[in-house]
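> Dumping the structure here so I can ask a few things about it.
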Amino acid sequence: MARALINSGMLEWAIARAEMPVDTLAERLHVRPDQIELWLSGEERPTFVQAQKAAAILAIPFGYLYMQKPPREDEPIPDLRTVGGKVGHWDVNLRSLMTDILYKQEWYKDFRQQNGEEALPFVKKFSLADKPEAIAADMHAVLHGESGRPRTGTFENYLQSIMLAAEDAGIWVMRTGIVGNNTHRPLAVSNFRGLAVADPIVPLVLINGQDSKAAQIFTLAHELAHLWLGESGVSNVQLGDDDYGAHRKIEQHCNKVAAEFLTPRDEFVLNWRPHMSLNDQVDGLSRHFKVSRVVIARRAYDLGYVDQRTYADFYLLERRRWSDVNRDSGGDFFNTLPVRNGRRFTKSVISEAMRGTLLLRHAGSLLGIQPGKIRKMHERLATS
């Protein structure tokens, strides 16, 4: 049987890059762990089929296994995360996600420009020198207009209303907790909660669908602030930390904008009752502002209405009671696909495919689905 003359050092690099134990790789390849060790030592070689499957499992191109040294993997957008006091880590899933996004963005930007769409005026309209209140007010004007923010519905409805308003304003909005449509590759919340690409033609925000609703709403507002400031980046907002886990000025400013956007200071002060405890009024304020209890508690702490110990205790209790985790692990495929890829993007790809101006094969690769499902997706979108 023909053997693949791969570079054992590249296989070792790929395993380390994927942070995958040898035992796990062996199990997925249906071989013994000591067989993998023989490949790593160079004493034996895998078959072509085994090498191809290993490359797919480790999320690298097959040709990488033949290279003399690992390729340089630059960060496509700034890394603004701080996890455990250290700079965030670009794991294999986050890298794959960004590769997929940039591939889609190339087509989407060309599509928009061909259809006469120009740079959106609110992208990079402000800078760090501008007050959070001014930025939040402009976000309100663009997204909610004269009608103001929604006052009814569930937290999920409120989250979706902001996402839809952003899409209507020309922002590409994605909410996904997995790489592509692969439910076996979840995106770790401990690694990142959201990201923004501040392109004036195709501005993008993505929120991690593995996160709780309590965090998703704040993350969405935070990433939208990135667009208004014209600053791309990967974020990992930590509501429980004194500084939101942010040590960079851009992240600190976006947190302030998000807080003002969701819970305007003047309105919050007007509705706060100093003679009442946090626990006695957090539910009412949560319903009033359509944000989670923890966002209300955080705003009260930031404005000096409760001390650090009171907020820390509240946050710990709230984490234990969160039961609204929206783990993106399945559901109706045709309902979740437009959410993962963005509704406007999905409709644009489907419409071009149905018009015959985009090959079904290309449309399928953009959406991460089989070409044969394009027509059914078109029918579902037409009735939604």
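> Please determine whether any residue of segment 42-54 is in a loop (DSSP other than H, G, I, E, B), in contact with a Phe, Trp or Tyr (Cβ under 9 Å, 6 or more places away or on another chain), surrounded by 12 or more Cβ atoms within 10 Å (Cβ to Cβ) and at pLDDT 90 or above. First the steps, then the outcome.
Of all residues in segment 42-54, those in a loop (DSSP other than H, G, I, E, B) come to 42-46.
Within this subset, residues satisfying the condition of being in contact with a Phe, Trp or Tyr (Cβ under 9 Å, 6 or more places away or on another chain) are 45-46.
Restricting the remaining residues to those that are surrounded by 12 or more Cβ atoms within 10 Å (Cβ to Cβ) gives 45-46.
Now drop any that are not at pLDDT 90 or above, which leaves 45-46.
Checked against the condition, which is being in a loop (DSSP other than H, G, I, E, B), in contact with a Phe, Trp or Tyr (Cβ under 9 Å, 6 or more places away or on another chain), surrounded by 12 or more Cβ atoms within 10 Å (Cβ to Cβ) and at pLDDT 90 or above, segment 42-54 yields at least one hit.
> Just for segment 366-384: of the residues that are in contact (Cβ under 8 Å) with a residue 40 or more places away in the chain and assigned to a helix (DSSP H, G or I), which one is farthest from the chain's Cα centre (by Cα)?
The qualifying residue farthest from the chain's Cα centre (by Cα) is Lys376.
> Of the residues Ala196, Ala137, Ala165, which is of a type in the set (A, V, I, L, M, F, W, C), in contact with a His (Cβ under 8 Å, 6 or more places away or on another chain) and more than 15 Å from Cys254 (Cβ to Cβ)? Can you show your working first?
Numbers: Ala196 fails: more than 15 Å from Cys254 (Cβ to Cβ); Ala137 fails: in contact with a His (Cβ under 8 Å, 6 or more places away or on another chain).
Unique residue meeting the criteria: Ala165.
> With assigned to a strand (DSSP E or B), crowded, with 17+ Cβ neighbours inside 10 Å and aliphatic (A, V, I, L, M) as the only criterion, which of Met139, Met163, Met174 stands out? Walk me through how you get there before you give the answer.
Values: Met139 fails: assigned to a strand (DSSP E or B); Met163 fails: assigned to a strand (DSSP E or B).
None of the others qualify; the one that does is Met174.
> Within segment 75-90, does at least one residue satisfy the condition of being part of a loop (DSSP other than H, G, I, E, B) and within 19 Å of Ala259 (Cα to Cα)? Break it down stepwise before answering.
If we filter segment 75-90 for residues that are part of a loop (DSSP other than H, G, I, E, B), which is where we start, we get 75-78, 80-81, 84-85, 88-90.
Restricting the remaining residues to those that are within 19 Å of Ala259 (Cα to Cα) gives 80-81.
Yes, because at least one residue in segment 75-90 is part of a loop (DSSP other than H, G, I, E, B) and within 19 Å of Ala259 (Cα to Cα).
> If we keep just the residues of segment 1-24 that are in contact (Cβ under 8 Å) with a residue 60 or more places away in the chain and aliphatic (A, V, I, L, M), which is surrounded by the most Cβ atoms within 10 Å (Cβ to Cβ)?
Ile6
The values are calculated or read from the model by the stated rules, or taken from the named source; none is laboratory data. Just so we're clear, the structure is a prediction, and the values are computed from it rather than from any experiment. Here Cβ is always computed from backbone atoms with ideal geometry, including for glycine, and neighbour counts include all displayed protein chains.
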